[in-house]
1. Please compute the net charge surrounding Met274, taking Lys and Arg as +1 and Asp and Glu as -1 over other residues with Cβ under 11 Å from its Cβ.
2. Can you tell me which of 222-235, 3-16 comes out highest on packing, and rank the rest after it, using the mean Cβ neighbours within 10 Å?
3. What would the Debye equation give as log₁₀ I(q)/I(0) for the stretch 90-134 at q = 0.34 Å⁻¹, counting only Cα atoms as equal point scatterers?
4. Just the ratio, please: alpha-carbon radius of gyration of the stretch 264-307 over 2.2 N^0.38 Å, N its number of residues.
5. Expressed as a whole number of Å, what is the distance separating the alpha-carbon centroids of the stretch 78-96 and the stretch 1-69?
6. Which value in deg cm²/dmol, rounded to the nearest 500, describes the helix-derived mean residue ellipticity at 222 nm for the chain, given -39,500 (n - 2.57) per DSSP H run of n ≥ 4 and division by the residue count?
7. Cα atoms only, the stretch 144-292: Rg and Dmax in Å?
8. If the viscosity is 1.306 mPa s and the temperature 10 °C, what translational diffusion coefficient in µm²/s does Stokes-Einstein give for the stretch 79-158 when Rh comes from Kirkwood over Cα pairs?
Amino acid sequence: MVFSSHIFLFYFLPLALFAYYLLPRRGKHLGLTVLSYAFYGWSNPLFVLILLSSTVVDYFCGLIMAGRRPLFDQRPIQELDPKGPRTRSQKIALAVSILTNLSLLGFFKYFNFAVENYDLLLGWLGLHGLQLETALRITLPLGISFYTFQSMSYSIDVYRGQAKALRNFIDFACYVSMFPQLVAGPIIRFREVADQLLHRAHTLEKFARGVAFVSLGLAKKILLANPCGKVADTIFDAATITTVQAWYGAAAYAFQIYFDFSAYSDMAIGLGLMLGFVFPKNFDSPYLSKSITEFWRRWHISLSTWLRDYLYIPLGGNRKGPRRTAINLALVMLLGGLWHGAAWTFVIWGALHGLLLGLERIRGKASLYHRLPGGVQIAFTFVLILITWVFFRAADLPSALTYLGTMFGLVQAGPEAIAGAGLLNGLIYQPYYLGTFLLAAVVTWSCPQTWDWTRAITPAKALVIVALLLLSVAVLATQAYNPFIYFIF
């Protein structure tokens, strides 16, 4: 079930809100957990078992790390001393939590990838008899990359003494499974909502701002991301393209992935507000960045800060000199790329970002072109990001290299490309798509973020919000193309 669907907007969401506010305070978390499991199991009920397994393991590991006997110990739970020693059982509990989550993520996300590369390697070596050639293919559960990271953050925060373990299983299950951010983030760390799980206010102001977030997110998704995505798909899937078409397709994909994912984040934050929760900002005008370092402070903030706090800093961060810092950045981004998808294209995407981040850190400057005017720095950074997005979008590595070769004129368009250019131009340069592309550019580089624009909702803003909501719903009824990119991660 996706947010930008009639079944969610007109059936599930009204029912969920009605049930949530009808329930007494003590029953809200149970009701929200049941609704979230129904939301998650909509496409495949078996996925619920994986989510439940991760939740149960991390809940009991949290209690053990807090020095409590699960199910029997009723003493008040206190936060651990951040600088205090840890017992053997606490260390084992943390290890079990991390290994369980990484094992679930590794098996379901990378089994197919591992088998394919194993068979490919043996084929190169001529050992065809040892190839697995298995017919078994694992289906990737929705959102597993997000909720395993989220659940692990609970165990790590409890172990570090940065959060207090939850005694109530329903409260913890509600945190892990909350449907607004369950399948595509943002990654909500436990300490960010720990107090809200115990005490939070439900106000009309919060609810109204939540409606604004949902409406604006839906508009970004339906009115901007989907048309740009249609252009990108048409160009990337074409047999042959020209250089101009290649750059147009890369830019269209850059707009699609930004508005698609930021729209989902906006809607998730808005739904959280409607339920009384305040989730952190996940995007901050990333294409206004003047360096790759700045880009990762603005793009998918919940992931970049998660990788920083739970991987980069434990590796040593920037405490061991510029070269070691560059190596740490490269390793973190390499793993971040693999987190996004089980394919070599994602690994290369992460490696490129790691290389650029490392070079910037070694130079000790915000970017390699820091002496240029600000607008030129933004343009250079955007071009670098466009190049890396090709690996993110391409079906495979050969396709990515061919596409990049076309962008830079290294792959010459053959007669068939020239002959088909007119037909492809007729598809991608329609006034509707060109207008959407230009509007996406204006919104990207000129408009404030939803987070900032909705801080105070005036009557004029309310009118704009309602108009965009009605327009989005109307257009949604006519669109057949409506994917959510980050659902596959």
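1. On the way: positive: Lys206, Arg209; negative: none.
My count for the surroundings of Met274 gives +2.
2. On the way: 222-235: 22.9, 3-16: 16.0.
In decreasing order of mean packing, 222-235, 3-16 become 222-235, 3-16.
3. Log10 of I(q)/I(0), two decimals: -1.05.
4. On the way: Rg = 11.9 Å, N = 44, 2.2 N^0.38 = 9.3 Å.
Against the empirical 2.2 N^0.38 Å value, I get 1.28 for the stretch 264-307.
5. 28 Å
6. On the way: 20 runs with 310 residues, N = 489.
Dividing the helical sum by the residues of the chain leaves -21000 deg cm²/dmol.
7. In Å, with Rg to one decimal and Dmax whole: 18.7, 61.
8. On the way: Rh = 15.4 Å.
Approximately 103 µm²/s, per Stokes-Einstein.
We did not get these values from a lab; they are worked out from the coordinates using the rules stated. Keep in mind that this is a model prediction, so the values were computed, not measured. Here the Cβ is made from the backbone with ideal geometry for all residues, glycine too, and neighbour counts use every protein chain on show.
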